[in-house]
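A.B. asks: One structure, as structure tokens, below. Some questions next.
The values are calculated or read from the model by the stated rules, or taken from the named source; none is laboratory data. None of the values given here were measured: they were computed from a predicted structure. Cβ coordinates were reconstructed from backbone atoms using ideal geometry, including for glycine residues, and neighbour counts include every protein chain displayed.
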Amino acid sequence: MPGEGKTKPRVVIDTNVFISGLTFKGQPREVLDLAWKGEIEVYISPFILKELTGTLKNDFGWSNEQIRHTIQRIKSKTILIRPKIKVSVVKEKDDDNRILECAIDGKVWYLISGDKKHLLPLKQYQGIRILSPAQFLTLFS
């Protein structure tokens, strides 16, 4: 695996993995646990934070206080970047391009996603491996 030794894997966690990890047990939660423990270097963008906030509020009924606390925790364990690159690789779902932009601008090694329709089929983009939580955990363990 690239960067074995002291260098932590650089990753972008897709919104869907954050949501699954925050609301259910399982592999997405295990990925988030690696972030909470500081074992992986996670890059995040304002777009991902906004999408996360909207989904937790509208789809899961979280209170503003729960969301604020969670977003603060995420910000404390991630590196916020504002991507300058624009891509339009995923024609069917432009939001997925924002996730790719964060990964490219963060120069990450892995994009961890549960998106079987648009992102996972790419397998990789500009040298960034696109993996499911299960694939990432297998690689990382």
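A.B. asks: Can you confirm whether PHE47 is of a type in the set (Phe, Trp, Tyr), farther than 18 Å from LEU131 by Cα and part of a helix (DSSP H, G or I)?
C.D. replies: Yes.
A.B. asks: May I pose another question? For ALA103, all conditions in the list (1) out of contact with any Ser or Thr (no Cβ under 7 Å at 6 or more places or on another chain); (2) under 12 Å from ILE48 (Cβ atoms); (3) assigned to a loop (DSSP other than H, G, I, E, B) hold save one; what is the number of the exception?
C.D. replies: (3)
A.B. asks: So which of LEU52, LEU34 is of a type in the set (A, V, I, L, M) and farther than 17 Å from PHE140 by Cβ?
C.D. replies: LEU52
A.B. asks: Output the qualifying pairs, or none if there are none: Cβ atoms under 7 angstrom, residues six or more apart or on different chains, first residue in the range 44-58 and small (Gly, Ala, Ser), second residue outside any helix (DSSP H, G or I).
C.D. replies: SER45/ILE81; SER45/ARG82; SER45/PRO83
A.B. asks: Next question, about the same structure. Considering only residues that are assigned to a helix (DSSP H, G or I) and of a type in the set (Val, Ile, Thr), look in the range 19-40 and name the one that is farthest from PRO133 (Cα to Cα).
C.D. replies: Residue satisfying both the conditions and the ranking: THR23.
A.B. asks: For the range 5-18, which positions are outside any helix (DSSP H, G or I) and surrounded by 23 or more Cβ atoms within 10 Å (Cβ to Cβ)?
C.D. replies: VAL11, VAL12, ILE13, ASP14 - these are the residues of the range 5-18 that are outside any helix (DSSP H, G or I) and surrounded by 23 or more Cβ atoms within 10 Å (Cβ to Cβ).
A.B. asks: When you scan the range 95-116, do you find a residue that is among the basic types (Lys, Arg), surrounded by 13 or more Cβ atoms within 10 Å (Cβ to Cβ) and under 12 Å from the mean Cα position of the chain (by Cα), even just one?
C.D. replies: Yes, the range 95-116 contains at least one residue that is among the basic types (Lys, Arg), surrounded by 13 or more Cβ atoms within 10 Å (Cβ to Cβ) and under 12 Å from the mean Cα position of the chain (by Cα).
A.B. asks: For the range 52-98, which residues satisfy the criterion of being among the β-branched types (Val, Ile, Thr) and outside any helix (DSSP H, G or I)?
C.D. replies: THR78, ILE79, ILE81, ILE85, VAL87, VAL89, VAL90
A.B. asks: Run VAL108 past the list (1) more than 22 Å from GLN27 (Cα to Cα); (2) aliphatic (A, V, I, L, M); (3) modelled with pLDDT of 95 or more and report the number of the one that doesn't hold.
C.D. replies: With (1) more than 22 Å from GLN27 (Cα to Cα); (2) aliphatic (A, V, I, L, M); (3) modelled with pLDDT of 95 or more applied to VAL108, the lone miss is (1).
A.B. asks: Follow-up question, since we're still on this one. Is it the case that the range 118-131 has a residue that's touching a residue at least 60 places away in the same chain (Cβ under 8 Å), touching an Asp or Glu at 6+ places or on another chain (Cβ under 9 Å) and either farther than 16 Å from GLU51 by Cα or not in a loop (DSSP other than H, G, I, E, B) (or both)?
C.D. replies: yes
A.B. asks: Could you list, in sequence order, all residues of the range 45-89 that are of a type in the set (Ser, Thr, Tyr), surrounded by fewer than 13 Cβ atoms within 10 Å (Cβ to Cβ) and closer than 15 Å to PHE18 by Cβ?
C.D. replies: SER76
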